[in-house]
Amino acid sequence: MTFRAPKGTDDILPPASRAWRRLLLTWEDWAARYGYDLVLTPLFEATEVFARGVGEGTEVVQKQMYTFTDGGGRSLTLRPEGTAPVVRAFLEAGANGIMKLAYSGPMFRYERPQAGRRRQFYQVGVEYLGSREAAADAEVIELGYRFLTEAGMSDLSVQLNSIGDRECRPAYLDVLRAYLDRHREVLCEDSLLRLETNPMRVLDCKVCAPKLSDAPSPVEHLCAACAAHFDEVRAILGELGVPFEEAPHLVRGLDYYERTAFEYVATDLEAAQNAVGGGGRYDGLAELLGGKPVPGVGFALGLDRLMLTLGDVEEPHPLDLYLVVAGERRREALRFTSELRRLGIRADLDLEDRSVKAQFRAANRRGASGVLVVGDEWTEGRVVAKDLTTGRQEVIDVGEVAAWTRRR
Ligand code: AMP
């Protein structure tokens with residue numbers, strides 16, 4: 001076999017994939033607890049959705065999109081992010097009012113691959129559409145924080161900023177441009193270009209940012225309405241018990257953000273890949289896509305990067321029970337396993353005709369926490385139940401198996 005997964009993509013097989021499954025289940029649980037419904041959109045969109053929605057001047061649109069022409073001559077792009085498609089879907093459905101949506105799935109960006117920077121990567125995220133309230137920003141930020149904490153992230157910092165809106169940002173950009181113009185000699189080539197097109201992005205440049213620590217920040221130039229909004233976000237986060245740090249130079253790489261911008265940072269990862277997720281308010285996005293004004297706030301978290309910070313967290317017991325079958329009882333054992341599965345127990349068995357010893361080895365390899373031996377006792381309606389975590393073994397009635405499993 002000479003085929004390999006394309007550069008910058010990954011196969012995720014067991015046992016590593018068990019931790020992924022647990023993470024995805026945790027995500028669905030937390031998104032549902034906060035009242036977010038599931039949204040599914042296509043993996044590709046008309047290229048214009050991203051060109052307009054993410055912004056022509058952004059790195060994502062200029063350099064990172066997987067764009068192709070389909071058989072009908074349409075220009076399509078594999079989604080590099082999830083927000084523009086969700087807002088497109090909301091507008092297309094003619095939806096109104098508040099809609100809270102959660103998504104999860106692969107995104108695609110043509111990047112120089114390294115650890116935590118992949119060409120296909122997996123994001124989960126939410127979009128809170130239809131609200132301008134600061135409480136919506138705070139709730140969104142809280143959900144990301146609670147999920148990441150529950151997922152096991154310990155060195156987590158929530159970085160918070162406000163980047164103003166269409167009212168106050170132009171004046172700030174003038175001040176910033178003038179400052180950057182005075183510091184041209186420390187700017188890299190990319191930043192010199194951005195100075196004209198997208199000056200706020202210069203603050204995001206890993207090379208230049210450390211040399212620009214005294215640059216004017218957007219918070220110093222907020223209009224009264226944006227300042228009040230930001231105050232409220234901070235106050236509510238405090239009430240919700242979400243710790244955060246103000247990051248006056250935090251900007252987001254995508255054009256559609258207004259007011260609140262935030263990142264979840266893994267303080268134990270290298271700076272280039274330490275943002276596990278980020279988000280913000282994007283009240284102007286729906287109009288950029290040609291729709292009516294729809295305010296919104298959301299975030300996206302990168303699970304590949306989250307996995308890096310969590311390290312090798314093996315899911316110790318993906319199976320509750322492994323059935324070891326002695327003698328000619330395989331069909332009966334399969335029927336019994338089926339009953340257990342329908343009771344909500346994660347159970348499996350060997351369908352090959354292998355030795356008891358080989359089946360015990362399989363039970364261990366598969367990470368079962370318990371084994372049932374379907375042996376001679378079976379004819380009397382009993383099985384040997386062994387707890388693999390303690391080594392304790394007992395003979396129990398078949399009718400007790402579910403309770404025995406749950407008791408452990
Ligand atoms: P963004 O959509 O750029 O705001 O990214 C949000 C999060 O997605 C980041 O904080 C990363 O965790 C993740 N992410 C973005 N791009 C990549 C990539 N190329 N590879 C892996 N994760 C990524």
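The values are calculated or read from the model by the stated rules, or taken from the named source; none is laboratory data. Keep in mind the model is a prediction, meaning the values are calculated, not measured. When we count neighbours, we look across all protein chains shown, and the Cβ atoms used for this are built from the backbone with ideal geometry, even at glycine. SASA here: full protein model, heavy atoms, side chains in, ligands and nucleic acids out. Shrake-Rupley method; radii C 1.70, N 1.55, O 1.52, S 1.80 Å.
Overall dimensions of the chain, expressed as equivalent-ellipsoid semi-axes from the Cα gyration tensor (√(5λ), whole Å, largest first), are 50, 22, 21. Radius of gyration over Kirkwood radius for the stretch 359-408, both on Cα atoms: the Rg/Rh ratio is 0.96.
Between rounded, prolate and oblate, where does the stretch 148-221 land on the alpha carbon gyration tensor, with a ≥ b ≥ c its root eigenvalues, rounded for a/c under 1.5, else prolate if a/b exceeds b/c? Oblate is the answer for the stretch 148-221, as a/c is 1.5 or above yet b/c matches or exceeds a/b.
With the charge dipole of the chain set up from +1 on Lys and Arg Cβ and -1 on Asp and Glu Cβ about the Cα centre, the Cα lying farthest toward the positive end among the listed residues Q159, L180, A333 is that of A333. Computed about its Cα centre, the charge dipole of the chain is approximately 1200 debye, with only Lys, Arg, Asp and Glu carrying charge at their Cβ. Looking at the chain, the accessible area is 48 square angstrom per residue; that uses a 1.4 Å probe and ignores ligands, DNA and RNA.
Note on the chain: Lys pairs 8 or more places apart or on different chains, Cα atoms under 24 Å apart, count 4. Mean residue ellipticity at 222 nm, helices only, the chain: -10500 deg cm²/dmol; runs of at least 4 DSSP H residues each add -39,500 (n - 2.57), and the sum is divided by the number of residues. Listed peptides 102-108, 12-18 appear in the order 102-108, 12-18 once ranked by packing, highest mean of other Cβ atoms within 10 Å at the front. Measuring nothing but protein heavy atoms, the accessible surface of the chain at 1.4 Å probe radius is 50 percent carbon and sulfur. With the convex hull drawn around the C-alpha atoms of the stretch 310-408, the volume per residue stands at 106 Å³.
Beta bridges from DSSP with both residues in the stretch 319-407: antiparallel share about 55 percent, rounded to the nearest 5. For the peptides 137-143, 264-270, 307-313, 208-214, the ranking by mean Cβ contacts within 10 Å, running from highest to lowest, is 137-143, 264-270, 307-313, 208-214. Taking the charge dipole of the stretch 1-150 about its Cα centre, with +1 at Lys and Arg Cβ atoms and -1 at Asp and Glu Cβ atoms, the residue from T67, F50, G130 reaching farthest to the positive side is T67.
Enclosing the Cα atoms of the stretch 11-112 in their convex hull gives a volume equal to 137 cubic angstrom per residue.
Convex hull volume of the Cα atoms of the stretch 60-130, normalised per residue: 107 Å³.
For the chain, the share of DSSP beta bridges that are antiparallel, to the nearest 5, is 80%.
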